[in-house]
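K.L.:
Submitted below is the structure of interest, expressed as structure tokens.
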Amino acid sequence: MKKVMVLLPLCCLLLWQACSDEKNGGSKPLNPNGDSELALLMRQMYDDGVRVKAQIEKGEQVDIQVDFEKIMAAKATDPVKMQPAEYPHFASSYVEAMQALRNAPAAEARERYTAMVATCMNCHENTCPGPMVRIKKLLL
Ligand code: HEC
């Protein structure tokens, strides 16, 4: 527990630098070396979420286009962000939630979608809080 107390502020500082993307709206590269594979994937996941949300609101069959399974292997800007021991656990919860949503009958899509957005929030709360404001917009 003591170790966590020491490491937490350090991690927060590092995460804050790469994860506080709210100011530029995510459209420009956020670091001098360009955007990471993971950051680009995240934007696709977000955009796909916006589209799927609209489909659910219209009562249409959801159609997922983003290659969400890449989350297991994509590299982050800073490996520290993927360091928490929980990262793979959060990533696989998200993948499972997406699989369930992809195969959901229209009547269950809403519920599955909400559960999927919760997996985004869970991981972000623990690894990269900056984009949470934006992710909240995906909520129905
Ligand atoms: C397993 C953990 C995890 C899950 C699940 C997850 N994210 Fe992320 N997300 C991250 C990490 C780590 C970063 C930082 C990536 C980087 O800077 O390289 C990130 C970055 C982002 C960004 C900022 C990208 C940019 O422009 O730099 C957005 C937006 C985002 N995520 C949205 C989402 C959405 C929407 C979902 C669910 C559909 C989601 N995330 C699920 C870990 C996760």
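K.L.:
Might you tell me the accessible area per residue for region 34-136, computed with a 1.4 Å probe and given in Å²?
P.N.:
53
K.L.:
Using a 1.4 Å probe on the protein heavy atoms, what percent of the accessible area of region 34-136 belongs to carbon and sulfur?
P.N.:
54
K.L.:
Rounded to the nearest whole Å³, what is the per residue volume of the convex hull around the Cα atoms of region 34-136?
P.N.:
Here the figure is 88 Å³ per residue.
K.L.:
Let me ask another. Would you work out the relative contact order for region 34-136, in percent, from Cα pairs under 8 angstrom that are 6 or more residues apart?
P.N.:
Computed over region 34-136, the figure is 27 percent.
The values are calculated or read from the model by the stated rules, or taken from the named source; none is laboratory data. Note that the coordinates shown come from a computational prediction; the quantities given were computed from them, not determined experimentally. Please note that ligands, DNA and RNA were not included when accessible areas were found on the heavy atoms of the full protein model with its side chains. Shrake-Rupley method; radii C 1.70, N 1.55, O 1.52, S 1.80 Å.
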